[in-house]
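Q: The structure follows.
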Amino acid sequence: MYDVVIVGAGLSGAVMAERFANQLNKTVLVLEKRTHIAGNCFDYVDAATGILVHQYGPHLFHTDNASVFQYLSRFTEWVDYRHKVVANLTLVGQEVLVPLPFNFSSIRACFPNEHAELLIRKLRTRYGEGARVSILALRQEQDEELIKLADFVYQQVFINYTTKQWGKTPEQIDSAVTARVPIVCSEENGYFSDPYQCVPRNGYTAMVGNMLASPLIDVQLDTDFRERLNIDLMAKSIELDGQPFNGEVIYSANLDLLQLDHEALPYRSLRFEFETLVLKTFQQETTVNYPQHPSMTRITEFKHIPNSRQNADQTVIVKEFPVDYDPNDPVASVPYYPVFDEYSQTIFKQLKAQAEQVPNLTLVGRLAQYQYFDMDDAVANALTLFEKWKSL
Ligand code: UDP
């Protein structure tokens, strides 16, 4: 018998398993539906090229949370890496690569010299050097030139990309989502602004493997939790292998799997196209966004990331095509991004309220808490929930 059962071996489940085992000496069973650990940050060395590939799209660690960084540093060494993204835009018939987030260099790449300098001066005066302004806030500007700039960035970078990504316009989604990629009042070309930006030296899978390495932790892969665990929201009770289970259950899978007759929570999913090319490098930066492409959002080339094999004669790229989540369609069956609207919030709150009635059940992570978590958020959230659980 185990003290704790954890559903899901992604980052959130791994933090919980590690804390229960290593801090509280509890025995832990982790049930994972996939054939691997590490959830969507799973990476592996591609056998043909030796390149470290992120199976579920690019994952670049960045945080301003020193305690999250210190915590994860127990399980990995790091390689410094500042992620760079450019947008591939066609402007007056010319292909231009424009740094993202849109910044002073981007303005210079898109506008004639004098006009660019005027816009930069106006942004500096209005917001101050280094300020980060969301596109939706910039669109509320009064200054005529800044309104034109906002319209340009909105049209070129945001409207098509966001509509592809979410099936909705920037105004129809949570404003925090487009605010992740602000207009930056500086020359800085980094995609993120956090003080810690790095990748695990041997990849995320190795890092999560170290988190789960305790002999007190058993990980059972390729196992739908329902094969062993019966979480009954009506009876407010849990069974493991047909016997009442009164230990703690930490649940990090989709919340709506707990109530199959309940309406499903909506997600956006992604279809990935991986290609191995006989080329030293395919593109200039790790990620190139294609706002104007009819269906693809971005291409990532893994060998630019310094923990990957950079001297390979070939290169591996992945193209991303957002699609509606459909659990019954193999190419759209991974729930990547929660869709925040009134409908989903209503369903989520109902399910959450029911789950909270089960005394030994804790919901954790992106899927179970229906949140758009970056990796550091997932770790911080799991550590906080663990401390909260301990103090009860
Ligand atoms: N976005 C956009 N154009 C871009 C990049 C981002 O419109 O070229 C918007 C889009 O709505 C996206 C959001 O900004 O979902 C957040 O982008 P981010 O790169 O942070 O998304 P993630 O890497 O999490 O998919």
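Derivation of every value follows stated rules applied to the coordinates shown; laboratory data play no part. This structure is a prediction, so every number in the text was calculated from the model and none was measured. When we count neighbours, we look across all protein chains shown, and the Cβ atoms used for this are built from the backbone with ideal geometry, even at glycine.
Q: What percent do you get for the relative contact order of the chain when only Cα pairs under 8 Å and 6+ apart count?
A: 25
Q: Another one. Only Cα pairs within less than 10 Å get springs; with that Gaussian network setup on the chain, which residue of 169, 76, 297 has the largest fluctuation?
A: Highest fluctuation of the listed residues: 169.
Q: So, one more: Taking 1 over the mean of 1/r across every pair of different Cα atoms in the chain, what Kirkwood radius in Å do you get?
A: Evaluated on the chain, it is 22.6 Å.
Q: Still on this structure, please answer the following. Quick one: check the C-alpha center-to-center distance for the stretch 38-68 versus the stretch 264-341, whole angstrom.
A: Their Cα centres are 13 Å away from one another.
Q: Please work out the Cα convex hull volume for the stretch 23-79 and give it in Å³ per residue.
A: Taking the convex hull of the Cα positions in the stretch 23-79, it is 142 Å³ per residue.
Q: Here's a follow-up. Of all beta bridges DSSP finds with both residues in the chain, what is the antiparallel percent, to the nearest 5?
A: 70
Q: Under a 5 Å amide H to amide H cut-off, with H placed in plane at 1.01 Å, what residues pair with residue 323 once short-range neighbours are removed?
A: Sorted by chain and number, the residues that satisfy this are 269, 270, 271.
Q: Once the other residues with Cβ under 13 Å from the Cβ of residue 66 are scored (Lys, Arg +1; Asp, Glu -1), what is the net sum?
A: Net charge around residue 66: -3.
Q: Then there's this: For each pair in 236/388; 349/390; 148/319; 26/388; 352/388; 26/236, compute the distance between the two Cα atoms and list the pairs where it is over 27 Å.
A: 148/319
Q: Ok, one more. When we measure straight from the Cα of residue 280, which aspartates and glutamates land under 13 angstrom away, once same-chain ones fewer than 8 places off are left out?
A: 301, 313
Q: How big is the dipole moment of the stretch 16-68 about its Cα centre under a simple scheme where the beta carbon of each Lys and Arg is +1, that of each Asp and Glu is -1, and everything else is neutral? Debye, nearest 20, please.
A: 260
Q: Here is a follow-up. Taking H placed 1.01 Å from N in the peptide plane, check which residues at least 5 places from residue 183 or on another chain put their amide H under 5 Å from its amide H.
A: It is 133, 134, 135, by chain and number.
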